[in-house]
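Just below is one structure, and these are the notes that go with it.
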Amino acid sequence: MSASFRKVPLKYSFIAISILVVVHILTIIIYRPISTSTDEPKPWDMKRVDKTAKQTSLSPRKNDSTKETLSDRPIGPGKVPPILPDNRNIKDKSKSYSKSDNHVEKGRSFILGDCYRYNSHGKQLLPSETLRKNNCQKRLPKAVIIGVKKCGTWTIRQYLGLHTSITINGETQFPTSINITAKDVSKWKDEMYYSSPRTLPMTETSQYVIARVESKRRLKAFLDDDLKIIVIIRDPVTRAVSDHVHKLFEVFHSSLLRNESFPITHEGDVLRESIKDTIIDVSTGRLRDGQQLVRFGQYITYLRGLLEVYSRDQLFILDGEAFIEDPLPSLLRVETFLGVPKFYKRDHFRVNPQTGFYCAHVPERPFYHCADPKRKGRPHPTLDDDLEGKLRDYYRPFNLQLAKEFDLDFPWLFH
Ligand SMILES: Nc1ncnc2c1ncn2[C@@H]1O[C@H](COP(=O)(O)OS(=O)(=O)O)[C@@H](OP(=O)(O)O)[C@H]1O
């Protein structure tokens with residue numbers, strides 16, 4: 001073997017090496033990430049800047065039998081969920097959305113706020129001298145996004161993270177124990193990003209909104225008197241479906257991790273039937289309204305609880321359905337509510353042709369902010385009329401009361 005290697009003439013080795021070098025250079029050119037502010041953002045360059053935030057994406061796995069069904073084919077009898085923009089159906093298979101791990105080119109660096117930069121090594125604190133000069137510290141949040149679960153909290157947090165006057169953490173565990181101490185709060189503060197006085201420190205959780213009133217009150221004592229609170233809510237029927245799909249997907253995935261050949265077939269039917277089994281008591285045919293899956297959509301209960309602790313003008317209630325349709329108008333209102341300079345523009349947002357959901361890119365930031373279609377924006381099964389009717393009947397009085405008490409006019413509140 002080694003003898004035959006030695007017989008290969010030098011000329012051929014040189015040609016082979018040259019070919020390899022050319023192929024390598026072409027690969028780098030084709031897959032180079034967004035590197036200048038004038039470059040067109042490419043869907044395959046999407047990546048979250050926020051590396052320390054809780055990872056919500058499952059890494060694509062080989063032979064993933066869910067792939068075709070869950071991201072490409074609508075579930076249900078030939079229908080797509082009505083809430084999604086029409087362009088959800090546009091398929092663009094030529095672009096791979098799995099190339100989400102592109103890095104900033106070596107030698108390039110983006111400044112994020114006053115305390116961080118992002119380069120080919122990821123997100124890093126600026127040199128300590130700069131941190132001192134900019135008065136970078138860990139600060140308790142002055143504004144929070146607190147839920148509701150499955151209503152779009154992740155996406156709005158990503159978009160707010162693009163704002164040059166906001167420093168927003170990934171999801172953090174708000175201390176909600178009834179005996180909360182200064183130590184608990186200080187531990188929580190340690191989870192925050194460094195921020196300068198020039199930017200608004202923020203964080204997010206979908207848990208605080210459902211915490212008991214007494215717990216909310218205890219935490220409030222440690223926070224700014226004029227803490228600003230964003231609550232995003234969507235059609236509770238869709239929220240329940242989303243929550244159920246999420247839970248089932250987690251189960252499928254853990255099974256798949258244990259046994260790669262776990263068969264997943266007829267997802268639409270499985271999902272439709274399993275949501276029915278979860279929500280309807282078969283013996284009585286009635287809705288199991290004690291289920292969290294159902295109760296979480298009773299937004300008025302949680303919002304009333306918030307009002308016992310915070311004043312109405314500290315709350316901004318965002319329509320999650322309108323936010324999906326077009327995030328810009330919602331974000332402009334959020335800017336006003338937070339009192340930060342106007343930043344968002346129409347051309348920061350583009351629809352991901354693969355999913356029909358918006359993604360965001362701003363020239364000041366290195367990457368597209370685009371949800372992993374396996375984790376957010378999953379296809380929903382179509383509910384059968386009976387189940388949907390029962391859910392709508394259940395939520396209607398709560399929704400109407402919500403519209404009245406909180407002076408909201410979101411169209412789905414009146415369904
Ligand atoms: N731009 C964009 N891209 C993808 N998904 C979007 C977007 N805007 C809102 N949404 C909706 O957000 C839903 C998930 O909500 P959350 O992020 O609050 O979920 S979680 O509670 O943090 O798990 C998620 O629910 P599913 O559609 O069931 O996956 C989406 O409908």
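Nothing in this text is a laboratory measurement; each read-out follows from the coordinates by a stated rule. Fair warning: this is a prediction, and the values are worked out from it, not measured in the lab. Positions of Cβ are backbone-derived with ideal geometry, glycine not excepted, and every protein chain shown enters the neighbour counts.
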> Counting only residues 5 or more places away or on other chains, whose amide H sits under 5 Å from the amide H of Ile168 once H atoms are built in the peptide plane?
Replying inline: Met202
> Per 10 Å bin, what percent of the C-alpha pairs of segment 364-415 does each bin hold, from zero upward?
Replying inline: 20, 26, 29, 19, 6
> Near the amide H of Val351, under 5 Å away, which other amide H atoms are found, from residues 5 or more places off or on another chain, if H is placed in the peptide plane?
Replying inline: Cys359
>> Between Val351 and Phe414, what is the label-point separation in nm under the 7 Å Cα-to-beta-carbon projection?
In response: 2.6 nm
> Residues with beta-carbon under 12 Å from that of Pro329, excluding Pro329: net charge, scoring Lys, Arg +1 and Asp, Glu -1?
Replying inline: -2
> Which of the residue pairs Lys149/Lys189; Lys123/Lys342; Lys149/Lys390; Lys228/Lys376; Lys189/Lys228 have a Cα-Cα distance greater than 19 Å in the structure shown?
Replying inline: Lys149/Lys189; Lys123/Lys342; Lys149/Lys390; Lys228/Lys376
> What ranking do 155-167, 218-230, 316-328 get when scored by the average of other Cβ atoms within 10 Å per residue, highest first?
Replying inline: 155-167, 316-328, 218-230
> Can you list the residues, at least 5 places off or on another chain, whose amide H is less than 5 Å from the amide H of Arg288, using H built in the peptide plane?
Replying inline: Ile280, Asp281
